[in-house]
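The values are calculated or read from the model by the stated rules, or taken from the named source; none is laboratory data. The structure displayed is predicted, hence computed values, not measured ones. Here Cβ is always computed from backbone atoms with ideal geometry, including for glycine, and neighbour counts include all displayed protein chains. Just so you know, the surface numbers come from the protein's heavy atoms only, side chains and all, with ligands and any DNA or RNA stripped out. Shrake-Rupley method; radii C 1.70, N 1.55, O 1.52, S 1.80 Å.
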Amino acid sequence: SLASTAITCFTRGLDLRKGTEDVLCPANCPLWQFYVFGDGVYASLSSVCGAAIHSGVITNTGGAVRVQTLPGQENYPAVNANGIQSQVLSRWASSFSVTAGTKNTALEAVGRSVSTARPSTGKRPKKTLDKKAGNKDCKADIAFLIDGSYNIGQRRFNLQKNFVGKVAVMLGIGTEGPHVGVVQASEHPKIEFYLKNFTATKEVLFAIKELGFRGGNSNTGKALKYTAQKFFSLENGARKGIPKIIVVFLDGWPSDDLEEAGIVAREFGVNVFIVSVAKPTTEELGMVQDIGFVDKAVCRNNGFFSYQMPTWFGTTKYVKPLVQKLCSHEQMLCSKTCYNSVNIGFLIDGSSSIGESNFRLVLEFVSNVAKAFEISDIGSKVAAVQFTYDQRTEFGFTDYVTKDKVLSAIRNIQYMSGGTATGDAISFTTRNVFGPVKDGPNKNFLVVLTDGQSYDDVRGPAAAAQKAGITVFSVGVAWAPLDDLKDMASEPRESHTFFTREFTGLEMMVPDIIRGICKDFLDSKQ
């Protein structure tokens with residue numbers, strides 16, 4: 001009898017070469033991932049194991065199946081059976097049917113797969129463990145944004161899939177290595193699979209092979225924005241502290257604008273690479289909306305994030321240099337965003353003119369600013385100092401490394417009540433709170449909140465803080481003199497000085513302070 005071939009959850013009828021073939025389906029294929037067209041007679045586009053479960057030949061524990069190739073037909077029906085919803089297809093060039101395989105072929109398949117295994121050596125098991133872990137030196141969560149537009153067409157779409165497959169193999173995907181997913185850009189973006197769906201190269205390759213060409217306009221901007229916003233959530237498998245990367249494949253040029261999408265991606269801390277293939281020729285330039293589309297979308301316009309291939313044919317030599325870029329952890333300049341790479345110190349006036357209830361409004365303001373940032377041991381950090389004539393460090397940058405703990409520490413600050421020595425307090429904070437982190441990777445910000453005239457000089461201490469690399473925002477309430485506020489603030493002073501008559505007005509300033517911090521952060525990175 002024929003020996004069975006072990007196949008995967010994703011193998012389709014059209015992937016099998018013989019008229020009659022005995023195959024062995026694996027156990028535990030995820031039912032929701034099956035594409036099955038028809039009922040009893042299945043379009044050869046269908047998953048073989050999916051069709052076998054749908055028709056009741058096997059269950060999800062897998063098993064032996066005999067596949068018989070049949071001619072194509074019209075109107076494959078949609079039927080829900082055994083947990084699988086098959087889909088309608090109006091016509092397809094070939095079909096297949098499935099019947100139960102015999103037990104002895106199943107045994108032979110097992111026998112055959114064992115006999116083709118390499119002779120065992122003492123070292124073999126370790127190798128498989130490493131393979132599962134993947135390339136630990138390449139830390140990246142990558143979305144391949146592939147071109148599924150009419151621009152590229154079915155033939156080159158398949159070449160694109162081959163290229164992405166080769167890149168995936170060379171990356172060394174694994175539990176501790178890079179993770180990848182695929183989004184297809186066409187008229188509307190479609191997430192084909194997420195980072196969490198597969199952690200082995202083989203599974204990724206099958207998933208890539210299964211991708212169907214969608215066609216439509218090349219709305220790459222729309223797809224890039226969608227991917228930056230939706231793809232990298234923790235529940236979809238993005239990992240904390242690992243660079244997020246989108247590799248955009250673009251045949252020719254996009255139908256829409258990439259500029260806004262590029263801004264959104266940078267805001268979300270995503271590193272965008274553009275692989276442009278067959279870029280517009282001189283006679284095509286008239287059709288291109290924006291000739292500078294690559295520069296608008298990439299993470300940084302420094303040459304590192306753009307990559308060109310003249311055509312989709314013979315691309316093997318382009319695989320390795322692209323993989324080297326994707327694995328250059330330290331070049332991922334866009335992973336750092338204002339939300340995850342700042343230290344914000346709050347210097348809070350505790351003088352007696354404020355009063356207990358207004359002091360609560362001040363703490364609420366501090367909480368609402370802190371809340372916007374990604375506070376963690378590898379992210380942003382927050383510290384608070386309260387001052388009168390005296391200073392008290394409420395908590396330093398390394399005391400609390402989760403947002404919840406920081407917010408509860410802010411809520412628990414007790415009102416001191418006393419005089420106002422703002423200059424002294426700035427010097428104290430520069431030395432004791434920012435001193436320990438001054439060589440760290442984060443950018444430093446100080447937000448000074450006061451409701452009155454300081455008894456000492458603020459200009460000297462504020463200048464020293466700025467010289468030490470701290471950007472100062474001054475927020476005044478009620479009787480705080482504008483001259484003092486301006487003297488403390490960083491340049492340009494207008495955008496770093498805030499004032500409100502009433503404590504209730506603090507709430508309105510929260511978005512402006514957050515925006516100001518982000519603007520300064522981005523300006524410092526250019």
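Within the range 421-517, the GluC sites (Glu not before Pro) that combine a DSSP coil assignment with at most 16 other C-beta atoms in a 10 angstrom radius are E502.
When DSSP beta bridges are restricted to pairs lying wholly in the range 141-331, around 10% turn out antiparallel.
Looking at the calculated P(r) for the range 5-100, what percent of the C-alpha pair distances fall above 16 Å? The partial results should precede the final answer.
On the way: 2016 of 4560 pairs.
For the range 5-100, the fraction of Cα-Cα distances above 16 Å is 44 percent.
R0 = 35 Å: FRET efficiency of N75 with N217, Cβ-based, nearest 0.05? For N75 and N217, the calculated efficiency is 0.75. Think of the chain as a dipole: +1 on every Lys or Arg Cβ, -1 on every Asp or Glu Cβ, centred on the Cα centre; then among N343, L45, T393, L45 lies furthest on the positive end. Among the trypsin sites (Lys or Arg not before Pro) in the range 497-526, those placed in a DSSP loop whose Cβ has at most 12 other Cβ atoms within 10 Å are R501. Among the listed options (i) 1.27; (ii) 1.07; (iii) 2.45, the one matching Cα Rg over 2.2 N^0.38 Å as calculated from these coordinates is (i). In terms of its alpha-carbon gyration tensor, the range 342-523 comes out rounded; the largest-to-smallest axis ratio a/c stays below the 1.5 threshold.
Please list I348, I291 from largest to smallest accessible area, probe radius 1.4 Å, with all protein chains kept in place.
On the way: I348 0, I291 120 Å².
From most exposed to least exposed: I291, I348.
Solvent-accessible area of T99, all protein chains in place: 70 Å² (probe radius 1.4 Å, heavy atoms, ligands and nucleic acids excluded).
Once the C-beta distance of M508 and E176 is scaled by a Förster radius of 45 Å, the resulting FRET efficiency is 0.45 to the nearest 0.05. Spin-label pair V288-R17: with each label point 7 Å from Cα along the Cα-Cβ axis, the two points sit 4.2 nm from one another.
According to the square roots a ≥ b ≥ c of the eigenvalues of the Cα gyration tensor, what is the shape class of the range 483-523, taking rounded for a/c under 1.5, prolate for a/b larger than b/c otherwise, and oblate for the remainder? All intermediate terms of the calculation are to be shown ahead of the outcome.
Working: a/c = 3.71, a/b = 1.22, b/c = 3.05.
Oblate, since a/c reaches 1.5 and b/c is not below a/b.
Cross-link partners of K190 among lysines, defined as those whose alpha carbon lies under 19 angstrom from its own and excluding same-chain residues fewer than eight positions apart: K161, K209, K222, K225, K230, K244.
Computed with a 1.4 Å probe over protein heavy atoms only, the accessible area of R493 comes to about 80 Å².
Rounded to the nearest 20 debye, the dipole size of the chain about its Cα centre is 2900 debye, using +1 on the Cβ of Lys and Arg and -1 on the Cβ of Asp and Glu. Taking every DSSP helix (H) stretch of at least 4 residues in the chain, weighting each as -39,500 (n - 2.57) and dividing the sum by the residue count yields a mean residue ellipticity at 222 nm of -9000 deg cm²/dmol. DSSP beta bridges confined to the chain are antiparallel in about 35 percent of cases. Full extension of the chain between K317 and H188 yields a length gain of 43.3 nm, computed as 0.36 nm times the residue separation minus the alpha carbon distance.
Per-residue SASA remark: E267, around 110 Å² accessible (1.4 Å probe; ligands, DNA and RNA not included). For the range 300-439, list log₁₀ I(q)/I(0) at each q in 0.21 Å⁻¹, using the Debye formula over Cα point scatterers of equal strength and ignoring solvent, two decimals each. The Cα Debye sum returns log10 ratios of -1.23.
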